[in-house]
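Input: a single structure, listed below in structure tokens.
The values are calculated or read from the model by the stated rules, or taken from the named source; none is laboratory data. Computed from a prediction, not measured in an experiment: that's the story for all the values here. Virtual Cβ from ideal backbone geometry, glycine too; neighbours counted across all protein chains shown.
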Amino acid sequence: MTSPLDISYAEQTPKSRRQYERAVTSIPAGATRSLNSWSPHPVYLVRGSGTQVTDVDGRVYVDMLNNYTALVLGHADPEVVDAVCRAARGGTSFSFATPQESELAELLRARVPSLQRLRFTGSGTEAAMFAMRLARAHTGRNLIAKVEGGYHGTHDDALVSVRPHPESWGPSTAPTAMPDMAGLPAGCDQRVLVLPFNDGDAAVALLRAHNPRVAAVIVEPILGVGGVIPATKEYLQALREACTALGIVLIFDEVITLRVASGGAQANYEVTPDLTVMGKVIGGGLPIGAYGGRDDLMRQLEPQGGTDVYDARAGGPRLYQGGTFTGNACSLAAGLVTMRRLSPLAHLGLAAKGARLRNELTRRIDRDGLPAHVTGYASLFNIHIGAGVVTTFRDTRRVDPKMQQAFFLGLLNQGFIIAPRGMGCVSTATRDQDIHDFVDAAASVLAQI
């Protein structure tokens, strides 16, 4: 049965519907990015500026998602656009490195003390893949430990127990490793040890039980796809101590969380990883990724005295990294502007806006008895519909999927964009009025559904 929200949405987006019907003949689901495909049809955007984006129907939305946290300065920031245009006029990509690689690397090292050295990639997925491969090369071990509900990109070893089903996820203290989709190679789940989130005793017990097979622990200090749920400081400290004692490489995936503080979430938590994975904000809205950390680990990427950059047997590096668009000139230019603008004061302002949004919406939810719970940290938030209180990843599986989808469509009808799963964030361009209007719209839609 078609709901009033669906009907209203369809009536307001007829050109998006026609674009979808055209796109689906060439592109499965009508969009290259699976996140951008939903029923009854996606919205197709044509431009953005500051906090606002416009679709093919001419409808204007306040963007409270900012390309899944990547656009920390908002859309088409004039300084970023100017920097990208200057870079493009000088050449969009090169076979050899550019000075801007060193400039952005030095800026990141100055912000994040654990980054003794780092390398750039084309995406966060590649950065996480290389960090995990680097840990295996360094330790000579094969098993990667990851947190249940943690998302680290779309390479094979990362797509285990990201969204496990309650019927097969096993006990909470020892989750079962479950492949997340078809097409993954047989046995990939055997290369991954799944740890519970925010249960330090259980996680450490699993690491000790599987030692010395574990090469690395990779963890988001704040679960992203898993519900924007912050880790406790005690949990991250327990992982740090266990990894040090057991010779395991600790990797923080800060692709999302680097935006929460000048030194990333690790600065706020005062826990130092061995390797850090980065992306999103460091590219200023253009494709990028990076990974870095301890010098002895990063040395695996250096030639061993030969001229063959591919083959360690001929003196090449123990770990080879390629990528035609790695260190892209335009991405580096946008990243340099963005990271320079993200001063400690700017980070405090972002965190204050995020806290205001979460607190005001939570007050409305509590006052009106609305069926939602808000999680988040600093500039990040997630609104969970029909789940009750959410403190762990498993709590997010109680979300009512029909109500969550209705909430998402209802906000689109009201002119606001968040992720279908309820995730969002603020940018430096987000105004107090945007937050006030968003809270009003969210409360109104919640009351409808």
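Of the set (1) over 23 Å from Thr32 (Cβ atoms); (2) in contact with a strand residue (DSSP E or B) (Cβ under 8 Å, 6 or more places away or on another chain); (3) surrounded by 18 or more Cβ atoms within 10 Å (Cβ to Cβ), all apply to Gln116 but (3).
Listed residues Tyr9, Tyr61; which is more than 21 Å from Pro287 (Cα to Cα) and either more than 26 Å from the chain's Cα centre (by Cα) or not assigned by TED's automatic domain parsing to the domain that holds Asn413 (or both)? Let's see the steps before the verdict.
Numbers: Tyr61 fails: either more than 26 Å from the chain's Cα centre (by Cα) or not assigned by TED's automatic domain parsing to the domain that holds Asn413 (or both).
None of the others qualify; the one that does is Tyr9.
Residues considered: Ala29, Ala70. Of these, the only one that is among the aliphatic types (A, V, I, L, M), modelled with pLDDT of 95 or more and surrounded by 14 or more Cβ atoms within 10 Å (Cβ to Cβ) is Ala70.
Assess whether Gly316 counts as being touching an Asp or Glu at 6+ places or on another chain (Cβ under 6 Å), at pLDDT below 95, assigned to a loop (DSSP other than H, G, I, E, B) and crowded, with 20+ Cβ neighbours inside 10 Å. No.
When restricted to residues that are touching a helix residue (DSSP H, G or I) at 6+ places or on another chain (Cβ under 7 Å) and either surrounded by 22 or more Cβ atoms within 10 Å (Cβ to Cβ) or not assigned by TED's automatic domain parsing to the domain that holds Ala202 (or both), the range 132-151 contains 7.
Restricting attention to the range 299-313, which residues are closer than 20 Å to Phe120 by Cβ, free of Cβ contacts under 8 Å to residues at least 12 places away in the same chain, aliphatic (A, V, I, L, M) and not in a loop (DSSP other than H, G, I, E, B)? Write out each step before concluding.
Within the range 299-313, the subset closer than 20 Å to Phe120 by Cβ is 299-303, 309-310.
Narrowing the set further to residues that are free of Cβ contacts under 8 Å to residues at least 12 places away in the same chain leaves 299, 309-310.
From what's left, aliphatic (A, V, I, L, M): 309.
Across the range 299-313, there are no qualifying residues.
Taking the range 1-107 and the strands (runs of 3 or more DSSP E) fully enclosed by it, the elements with 2 or more residues that are among the β-branched types (Val, Ile, Thr) and in contact (Cβ under 8 Å) with a residue 40 or more places away in the chain are at 60-63. When residues in the range 159-175 are screened for being farther than 13 Å from Gly149 by Cβ and hydroxyl-bearing (Ser, Thr, Tyr), 2 of them pass.
Inside the range 152-162, residues that are within 18 Å of Asn198 (Cβ to Cβ) and either in contact (Cβ under 8 Å) with a residue 60 or more places away in the chain or in contact with a helix residue (DSSP H, G or I) (Cβ under 7 Å, 6 or more places away or on another chain) (or both) make up a count of 2.
For the range 52-84, residues that are β-branched (Val, Ile, Thr), within 22 Å of Ile288 (Cα to Cα) and touching a strand residue (DSSP E or B) at 6+ places or on another chain (Cβ under 9 Å) total 2. The listed residues are Ala429, Ala442, Ala419, and the only one of them that is within 24 Å of the chain's Cα centre (by Cα), touching a residue at least 60 places away in the same chain (Cβ under 8 Å) and crowded, with 22+ Cβ neighbours inside 10 Å turns out to be Ala442.
Restricting Met178, Met129 to those that are more than 20 Å from Val277 (Cα to Cα) and either of a type in the set (A, V, I, L, M, F, W, C) or touching a residue at least 24 places away in the same chain (Cβ under 8 Å) (or both) reduces the list to Met178. Against the criterion of being among the charged types (D, E, K, R) and more than 24 Å from Ala70 (Cβ to Cβ), Asp432 does not qualify.
Being touching a Cys at 6+ places or on another chain (Cβ under 7 Å) and on the phi < 0 side of the Ramachandran plot is true for just one of Ser379, Ser343. Which residue is that?
Numbers: Ser343 fails: touching a Cys at 6+ places or on another chain (Cβ under 7 Å).
Exactly one of Ser379, Ser343 is touching a Cys at 6+ places or on another chain (Cβ under 7 Å) and on the phi < 0 side of the Ramachandran plot, namely Ser379.
When residues in the range 319-356 are screened for being surrounded by fewer than 19 Cβ atoms within 10 Å (Cβ to Cβ) and of a type in the set (Ser, Thr, Tyr), 3 of them pass.
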